[in-house]
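See below for the structure under consideration.
What follows draws every value from the coordinates through simple rules; no lab data is involved. Just so you know, these numbers come straight off a predicted model, no measurement behind them. With ideal geometry, Cβ positions are generated from the backbone for all residues, glycine too; neighbour counts draw on all protein chains shown.
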Amino acid sequence: MRVLVDDVSKVYADRGGHPVEALAGVTFTVEAEELVAVVGPSGCGKSTLLNMVAGLLPPSAGSIAFEGALPPGRPPTAMVFQEFALFPWRTVQANVELGLEETGGPAGERHAVARRFIDLTGLGGFERKYPHQLSGGMRQRVGIARALAVDPAVLLMDEPFSALDAQTRQLMQEELLAIWERTRKTILYVTHNIHEAVWMADRVVVLSRRPGRVLDIVPIELKRPRMEAMAAEPAFLQAVERIWALIKSQAREALQEGAA
Ligand SMILES: Nc1ncnc2c1ncn2[C@@H]1O[C@H](COP(=O)(O)OP(=O)(O)OP(=O)(O)O)[C@@H](O)[C@H]1O
Ligand SMILES: [Mg+2]
């Protein structure tokens, strides 16, 4: 399924009712089975963008459309949230079954589907545990299993690994890529980590600081499957440098503005 984000803007109102422009004229496409990362400074509207693609929030202007056949009973999108967003009173099994309950179907089937994604995300044996009994990495796997279990056409991920330590993050990135190779979802992946974006993505959309505008869309010319050693390849380093140059100029502007 393709995602077409066309000239999308979002204006919030702050507590005093004054307009807060979060995104301005954002246009890009995510092709079917493509993994596109979005990077940009904090507060530039990344979560806002994902929420709009998820249909949780309407754009103030512009449009978001999906292109491609959607089998009946399947949602167009599912989200892995920036915070883990698990229900503490539900077990791992029940958290993963959550989205499936909305689509209906017999309980036995829901159970089996959830089990499959629990195994796929390496949570086998932890079905009866509650979120507080899990590590951060495991909680995030539950979030991923829950999103994958509903078999969405497009997987939306909002800084899914930002709360994890560096080693766990690296392992989770590798796992996510392995799952993606198997399931071939269209993925829109938000991160503020440039290395993570380049290592995971087919293309990286770079947003400016608020209001977020598209500064550049950088294609990543690295083969798949991605290997750790690729982080030393010129294609990797050049992409990181190109994105970093854009982000750095944004940070400099922000500093100058702050000093003025
Ligand atoms: N419900 C809301 N009402 C008013 N302003 C909001 C609301 N949600 C977000 N904003 C503002 O919109 C801007 C974009 O927020 P958003 O959460 O999308 O940024 P982000 O890029 O995801 O940031 P981060 O990297 O910190 O997660 C911010 O200035 C934020 O304060
Ligand atoms: Mg955010």
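If I model the stretch 77-151 as equal point scatterers sitting on the Cα atoms and use the Debye formula, what is log10 I(q)/I(0) at q = 0.14, 0.18 Å⁻¹? Per q value, in the given order, log10 I(q)/I(0) is -0.35, -0.59. This model, with +1 at the C-beta of Lys and Arg and -1 at the C-beta of Asp and Glu, gives the stretch 77-151 a dipole about its Cα centre of some 260 debye. Pair-distance distribution of the stretch 20-98: all C-alpha pairs, bin width 10 Å, starting at 0; shares per bin in whole percent are 13, 40, 33, 14, 0.
Cβ under 15 Å from Ile179's Cβ, Ile179 left aside: what net charge do those residues give with Lys, Arg +1 and Asp, Glu -1? Within the 15 Å Cβ shell, the charges total +2.
Placing pseudo-labels 7 Å out from each Cα toward the beta carbon at Ala178 and His18 gives an inter-label distance of 5.1 nm. One chain, two ends: Ala231 and Glu31. Fully extended at 0.36 nm per residue, the span grows by 69.6 nm beyond their Cα-Cα distance.
Structural descriptor for the stretch 77-151: relative contact order 50 percent, calculated from alpha carbon pairs under 8 angstrom and at least 6 residues apart. Ranked for footprinting exposure by Cβ neighbours inside 10 Å, fewest first, Ile187, Ile247 give Ile247, Ile187. Contact order, relative form, for the stretch 184-242: 28 percent (alpha carbon pairs under 8 Å, 6 or more residues apart, mean separation divided by residue count).
At a Förster distance of 25 Å, what's the computed FRET efficiency of Glu83 paired with His195, Cβ-Cβ distance as r, to 0.05?
On the way: r = 22 Å, r/R0 = 0.89.
For R0 = 25 Å, the calculated efficiency reads 0.65.
The Cα atoms of the chain define a convex hull whose projected area, averaged across directions, is 15.3 nm². Here the relative contact order of the chain, from alpha carbon pairs under 8 Å that lie six or more residues apart, stands at 26 percent.
For the stretch 28-99, the Cβ-based charge dipole about the Cα centre amounts to some 260 debye (Lys, Arg positive; Asp, Glu negative; other atoms uncharged). Summarising the overall dimensions of the stretch 124-260 from its C-alpha atoms, the Rg and Dmax are 17.0, 57 angstrom. Mind checking which helices in the chain clear 18 Å along their axis (Cα) and have mean Kyte-Doolittle hydropathy of 0.0 or more, DSSP H runs only? TM-like helix candidates: 136-149, 234-259. Computed from point charges on the beta carbon alone (+1 for Lys and Arg, -1 for Asp and Glu), the dipole magnitude for the chain about its Cα centre is near 400 Debye.
If you take all other residues with their beta carbon under 10 Å from the beta carbon of Arg2, and give Lys and Arg +1 and Asp and Glu -1, the sum is -4. Between the residues Ala245, His192, Pro211, the greatest Cα displacement towards the positive end of the dipole of the stretch 167-260, with unit charges on the Cβ of Lys, Arg, Asp and Glu, is found for Pro211. Computed over neighbours whose Cβ is under 12 Å from that of Leu255, the net charge equals +1, Lys and Arg +1, Asp and Glu -1. Overall shape of the stretch 1-138 was characterised from the C-alpha gyration tensor. The equivalent ellipsoid obtained from it has semi-axes of 32, 20, 14 Å, in decreasing order.
Computed from the C-beta positions of Leu171 and Leu57 and an R0 of 41 Å, the FRET efficiency is 0.80 to the nearest 0.05.
Go through Ala61, Gly40, Gln82 and say which Cα lies farthest out towards the positive end of the charge dipole of the stretch 21-160; charges sit on Cβ, +1 for Lys and Arg, -1 for Asp and Glu. Among Ala61, Gly40, Gln82, the one farthest towards the positive end of the dipole of the stretch 21-160 is Gln82. Applying 0.36 nm per residue to the separation of Val11 and Glu101 and subtracting their alpha-carbon distance, the gain on full extension is 29.0 nm.
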